[in-house]
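Undergrad: Before we start, here is the structure in question, set down as structure tokens.
The values are calculated or read from the model by the stated rules, or taken from the named source; none is laboratory data. Quantities reported herein were computed from a predicted structural model and do not represent experimental measurements. With ideal geometry, Cβ positions are generated from the backbone for all residues, glycine too; neighbour counts draw on all protein chains shown.
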Amino acid sequence: MEQPTRRLPAAALVYAAGFLQGLTLVSFPALSDVLKATLGLTDAQYGTIFLPQVALAAVGAVIGGALARRLGLRRLLVLAMVANGLSQAALLASGLAGPEAAFAWVLAGTSGLGLGFGLFGAPLNAYPRLLFPAKGDAAVVAVHTVFGFGLATGPLIAGAMVASDQWLGFPVLLLAIALLLALAGTLVPLPRDTAPNGGKAEPAGVLKAPVLWIFIGVAVLYAFAEGTFANWAVIYLRDGKQLDPGIAGLALSVFWGAMVAGRLTVSALLVRLPAAPVWFALPVLMIVAFQLLPFANTATAGVGLFAFAGLACSAFFPLTIALVSQRFPSHVALVSSLMIAALMVGVGVGSFALGALREILSFEQLYRLSAIYPALALVLALLTRARRPAAATAE
């Protein structure tokens, strides 16, 4: 095991990379007003900029597991940071280019962002276990917590720069951080990859394990649930409950903030508690949140219930990655990449499905029926525990 003094620079790099990923992932939404006003994007164009992001995130996650075996986790981490840096270079170029080219640059930026996010999946979920093998579950949740801090901090930095009419400084800042971390990734000593013993048949054997596909199903269902909470929060409270737009925006911010706080809390709890009971409890809280949200008739209730929803979602996805990594310890890079891909597929499919359902369901009906997502996720989660012996033989 790495000595603490030698482990510190590696841990700092990995967790800083997680923070950067959160900052870059929120960069385009944080500058949405600027992109629409300054660059003249229509609502339709703004909506389409996220399609290549979702698609390439899924592609990057799928190929990330294979690349981790061929190139190693270190090179994959550097590639991911470079891709994130290029996304910010494209965002900068969109502000400097003419109106005709701006939209194309934005599409290039979200494409690079999606690819970087997908590639990050393997190293960001594998390195915490390699650095802290005795507390692997807590270490994985912690890196997702830092990622959440990036998501929460990015809009604040971007907002300050927009207010001072210096919004181009935001992609410049993130580009500089990405390049510095990419350079550090080539220099800082990192734990040796714990790749399996050679044969190319092993990953194929993992992909045939039924329990892996159950975990993938859990991740997709969770993405549906999180997307329903987050994507509809502002519209629901503003249009459905006729609350002030500022309150609706605050509720969404509180949702993400509560998710970060929940991950911090769970990360601390996992030092003393096993991960599985917490994993099983969180979908139950999501079900409760979905059933209570139709009663968000006041500002206090709206903000409070979305805070509760954020806590309910908080650590479920990082714990899913932690537990599937326990089941396939020789293939952490591969299975964690597949979880990221499943999450992005769920986000993409869920976004379109919610729009279609909104045509025939009220907001209240939509939230009540959405409780089926965490309910099914809980059923599948319980099945993963029942199939433990089968999974062991599959490896």
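Undergrad: Report, by residue number, each residue of the range 126-175 that is aliphatic (A, V, I, L, M) and in a loop (DSSP other than H, G, I, E, B). Break it down stepwise before answering.
TA: Pass one, the range 126-175, residues aliphatic (A, V, I, L, M): 126, 130-131, 134, 138-143, 146, 151-152, 156-158, 160-163, 168, 172-175.
Of everything in the range 126-175, just one residue is aliphatic (A, V, I, L, M) and in a loop (DSSP other than H, G, I, E, B), namely 168.
Undergrad: Let me ask you something else. Which pairs do you get when a residue that is farther than 13 Å from residue 287 by Cβ, found in the range 360-386, comes within reach of a residue that is acidic (Asp, Glu), reach meaning Cβ atoms under 9 angstrom, with the pair 6+ apart or on two chains?
TA: So the pair list comes out as 363/239.
Undergrad: Does residue 281 qualify as being under 23 Å from the mean Cα position of the chain (by Cα) and of a type in the set (A, V, I, L, M)?
TA: When the stated conditions are applied, residue 281 passes them.
Undergrad: In addition: Out of all the residues in the range 40-95, which are of a type in the set (S, T, N, Q) and part of a helix (DSSP H, G or I)? If you could, list the steps in order and put the result at the bottom.
TA: So in the range 40-95, the residues of a type in the set (S, T, N, Q) come out as 42, 45, 48, 53, 84, 87-88, 94.
Correct list: 45, 48, 53, 84, 87, 88, 94.
Undergrad: Then there is this: Would a scan of the range 47-68 turn up a residue that is modelled with pLDDT of 90 or more and crowded, with 21+ Cβ neighbours inside 10 Å?
TA: Residues of the range 47-68 modelled with pLDDT of 90 or more: 56.
When the remaining residues are screened for being crowded, with 21+ Cβ neighbours inside 10 Å, the result is 56.
Yes: the range 47-68 contains one or more residues that are modelled with pLDDT of 90 or more and crowded, with 21+ Cβ neighbours inside 10 Å.
Undergrad: Restricting attention to the range 18-56, report how many residues are within 17 Å of residue 344 (Cβ to Cβ) and β-branched (Val, Ile, Thr).
TA: Selection size over the range 18-56: 5.
Undergrad: Checking residue 242 against (1) over 23 Å from the mean Cα position of the chain (by Cα); (2) on the phi < 0 side of the Ramachandran plot, only one condition comes out false. Which one?
TA: (2)
Undergrad: Only one residue in 307, 322, 356, 371 is modelled with pLDDT under 80 and at negative phi, so which one is that?
TA: On the way: 307 fails: modelled with pLDDT under 80; 322 fails: modelled with pLDDT under 80; 371 fails: modelled with pLDDT under 80.
Just a single option satisfies the conditions, and that option is 356.
Undergrad: Among the listed residues 366, 334, identify the single one that is within 18 Å of residue 120 (Cα to Cα) and over 13 Å from the mean Cα position of the chain (by Cα).
TA: Details: 366 fails: within 18 Å of residue 120 (Cα to Cα).
It is 334.
Undergrad: While we're here: Spot the failing condition for residue 152; the list is (1) closer than 22 Å to residue 126 by Cβ; (2) of a type in the set (Gly, Ala, Ser); (3) modelled with pLDDT under 85, and only one is missed.
TA: With (1) closer than 22 Å to residue 126 by Cβ; (2) of a type in the set (Gly, Ala, Ser); (3) modelled with pLDDT under 85 applied to residue 152, the lone miss is (1).
Undergrad: Follow-up. For the range 320-365, what are the residues that are over 18 Å from residue 59 (Cβ atoms) and among the hydroxyl-bearing types (Ser, Thr, Tyr)?
TA: 320, 325, 330, 362 - these are the residues of the range 320-365 that are over 18 Å from residue 59 (Cβ atoms) and among the hydroxyl-bearing types (Ser, Thr, Tyr).
Undergrad: Another question about this same structure. What pairs can you find where one residue is in the range 270-294 and under 13 Å from residue 309 (Cβ atoms) and outside the structural domain of residue 362 (by TED's automatic domain parsing), the other is of a type in the set (Asp, Glu) and not in a loop (DSSP other than H, G, I, E, B), and their Cβ atoms are less than 7 Å apart, with a gap of 6+ or different chains?
TA: As it stands, the answer is none, since no pair meets every condition given.
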